[in-house]
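Reading through the structure tokens given below for one structure.
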Amino acid sequence: SYAESGVDRDEAYRFVDRITERARRTRREEVLSEIGDYGGFFRAPTHMKEPVFVATTDGVGTKLILAEEMGGAAHRAVGQDVVAMCVNDLISCRAEPLIFLDYIATGKMDPKSLDALLEGIISACEESGCSLAGGETAQMPGFYPGSRYDVAGFSVGVLEKSHRLDASKVRPGDIVYGMISNGFHSNGFSLVRKVCAENKWTMDQLIEGEVLGEALLRPTRLYVKPVLKLFSEFEVKLAAHITGGGLIENLPRGFKESEVRIVIERKQVPTSALMKRFVEHAKLTEKEAFCTWNMGVGFAFVLPSKDGSLLENSSLMSDLKIFKIGQVEKAEAGEPSVALVG
């Protein structure tokens, strides 16, 4: 029978029932279907004249191995991670998240860990104003050992066509700001795990005053609401979710490298003592570090100097944990697109 091959259909049905009930917490008015249909149906927001849809997808990577080791609340944290990795990319395009779908693949259904994962996904969707509109749970015994799972997310957002960010508008004199990260977020964990193994660090060990497991499993910060607020109050010229590739590789997506470059003042980047310890033990060069981890900045954006002055004299700097980290300069031949100075 199918059950004898390792696939528990009854538990899968129960899991879908639990998803259906809890997903209603995230429902937006644009969503027209319930979970369980062949697809998630939704309509364009009626207040937009020329809506443009933006789609993203991402996963959590080998951070899942640490979540498996830690258990419990760690699974809830990676549920937030998989949502954040998608919706934070959407907001980098100035797109408001509309819907989210998940794909979970596992060797064997483990209701406790998958329910915690699901709760993290749903809570993150709620916080981001995004509807959980569907998904897929695949049981693959023989491919995934035991109850090990992988999870991927897919999200669709929308923006007014006339509001799309324009790379040509980033000019010399503009100011670069960073919003603090919660730690490593969901990138560079193959190196994180290697450093831990080589130093025989355990997840219950204190490193730089932090319990290592708690610090590493801290979920990716959700930037949707703070960044939407910035878009509503200031002329944001560039927005960047700082993921794999760090500041050095993510920032150039939003400006014309033939015309301008960004200069980051490294002393203004709020890198935690724990992250600095990992950089030291991994023996990374400065460039490698800023291309591997977010180094304390989870989201970056660029404002014209006049708006920068308004921001710096407002409570938003402290409320949203924003730091001034650099400036835009004219491109120089032979110079990198993102330079670290100071």
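The values are calculated or read from the model by the stated rules, or taken from the named source; none is laboratory data. Fair warning: this is a prediction, and the values are worked out from it, not measured in the lab. So basically every Cβ, Gly included, is an ideal-geometry build from the backbone, and we count neighbours across all protein chains shown. All accessible areas refer to the heavy atoms of the entire protein, side chains included, with ligands and DNA or RNA removed. Shrake-Rupley method; radii C 1.70, N 1.55, O 1.52, S 1.80 Å.
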Residue among Val60, Val78 that alone is touching a residue at least 40 places away in the same chain (Cβ under 8 Å), closer than 27 Å to His241 by Cα, open to solvent by less than 30 Å² (accessible area, probe 1.4 Å) and out of contact with any Leu (no Cβ under 8 Å at 6 or more places or on another chain) = Val60
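Could you run through the stretch 61-118 and say how many residues are on the phi > 0 side of the Ramachandran plot and in contact with a Ser or Thr (Cβ under 9 Å, 6 or more places away or on another chain)? Break it down into steps so the answer makes sense when it comes.
At the first step, the residues of the stretch 61-118 found to be on the phi > 0 side of the Ramachandran plot are 61, 71-72, 94.
Applying the additional criterion that residues be in contact with a Ser or Thr (Cβ under 9 Å, 6 or more places away or on another chain) yields 61, 71-72.
Total satisfying the criteria: 3.
Just wondering, is there one or more residues in the stretch 70-80 that are within 24 Å of Leu159 (Cα to Cα) and in a loop (DSSP other than H, G, I, E, B)? Talk me through it step by step, then tell me what you get.
Of the stretch 70-80, the ones within 24 Å of Leu159 (Cα to Cα) are 80.
Going one step further and asking which of them are in a loop (DSSP other than H, G, I, E, B), we end up with none.
Checked the stretch 70-80: no residue is within 24 Å of Leu159 (Cα to Cα) and in a loop (DSSP other than H, G, I, E, B).
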The stretch 85-105 - residue that is open to solvent by 20 Å² or more (accessible area, probe 1.4 Å) and assigned to a loop (DSSP other than H, G, I, E, B) and, of those, nearest to Ala55 (Cα to Cα) | Cys93
Those residues of the stretch 17-34 which are open to solvent by 60 Å² or more (accessible area, probe 1.4 Å) and not acidic (Asp, Glu) amount to Arg18, Arg24, Arg25, Arg27, Leu32
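Considering only the stretch 106-149, state which residues are assigned to a strand (DSSP E or B) and surrounded by 17 or more Cβ atoms within 10 Å (Cβ to Cβ).
In the first step, residues of the stretch 106-149 are kept if they are assigned to a strand (DSSP E or B); the result is 106, 131-139, 141, 144, 149.
Across the stretch 106-149, the qualifying residues are Thr106, Ser131, Leu132, Ala133, Gly134, Gly135, Thr137, Gln139, Tyr149.
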Among the numbered criteria (1) open to solvent by less than 30 Å² (accessible area, probe 1.4 Å); (2) under 29 Å from Ser162 (Cα atoms); (3) not basic (Lys, Arg), which single criterion is violated by Glu233?
-> (1)
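Somewhere in the stretch 129-141, is a residue closer than 30 Å to Gln268 by Cα, at pLDDT 95 or above, among the hydroxyl-bearing types (Ser, Thr, Tyr) and in contact with a Phe, Trp or Tyr (Cβ under 9 Å, 6 or more places away or on another chain)?
To start, the set of residues in the stretch 129-141 that are closer than 30 Å to Gln268 by Cα comprises none.
There is no residue in the stretch 129-141 that is closer than 30 Å to Gln268 by Cα, at pLDDT 95 or above, among the hydroxyl-bearing types (Ser, Thr, Tyr) and in contact with a Phe, Trp or Tyr (Cβ under 9 Å, 6 or more places away or on another chain).
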Filter the stretch 150-189 for residues that are open to solvent by less than 40 Å² (accessible area, probe 1.4 Å) and part of a helix (DSSP H, G or I); which is farthest from Phe53 (Cα to Cα)?
-> Phe189
Looking at (1) closer than 30 Å to Ser232 by Cα; (2) touching a Ser or Thr at 6+ places or on another chain (Cβ under 7 Å); (3) open to solvent by 10 Å² or more (accessible area, probe 1.4 Å), which is the one condition that is false for Glu329?
-> (2)
What residue, among those in the stretch 157-176 that are more than 24 Å from Glu332 (Cβ to Cβ) and among the basic types (Lys, Arg), is farthest from the chain's Cα centre (by Cα)?
-> Lys161
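Which of the helices (runs of 4 or more DSSP H) found entirely inside the stretch 281-342 contain at least 3 residues meeting this: over 22 Å from Gly245 (Cβ atoms) and at pLDDT 95 or above?
Values: elements: 286-292, 305-312, 316-319.
It comes to 305-312, 316-319.
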Take the stretch 16-49 and flag every residue that is more than 19 Å from Leu118 (Cα to Cα), of a type in the set (D, E, K, R) and out of contact with any Leu (no Cβ under 9 Å at 6 or more places or on another chain).
-> Glu29, Lys49
Could you say which residue among Gly178, Gly142 is over 30 Å from Glu259 (Cα atoms), in contact (Cβ under 8 Å) with a residue 24 or more places away in the chain and small (Gly, Ala, Ser)?
-> Gly142
Return only the number of the condition from (1) of a type in the set (Asp, Glu); (2) touching a residue at least 24 places away in the same chain (Cβ under 8 Å); (3) closer than 18 Å to Met295 by Cα that Glu280 does not satisfy.
-> (2)
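Mind checking which residues of the stretch 35-54 are assigned to a strand (DSSP E or B) and either open to solvent by less than 80 Å² (accessible area, probe 1.4 Å) or over 23 Å from His241 (Cβ atoms) (or both)?
Going residue by residue through the stretch 35-54, those that are assigned to a strand (DSSP E or B) are 42, 51-54.
The answer is Phe42, Pro51, Val52, Val54.
Out of the residues in the stretch 10-34 meeting the condition of being under 24 Å from the mean Cα position of the chain (by Cα) and assigned to a loop (DSSP other than H, G, I, E, B), tell me which one is nearest to Ser123 (Cα to Cα). Step through it out loud before you land on a result.
Kept after step one, since they are under 24 Å from the mean Cα position of the chain (by Cα), are these residues of the stretch 10-34: 19, 22-28, 30-31.
Filter once more, so that each one left must be assigned to a loop (DSSP other than H, G, I, E, B): 27-28, 30.
Numbers: Arg27: 12, Arg28: 14, Glu30: 19 Å.
Looking at the filtered set, the residue picked out is Arg27.
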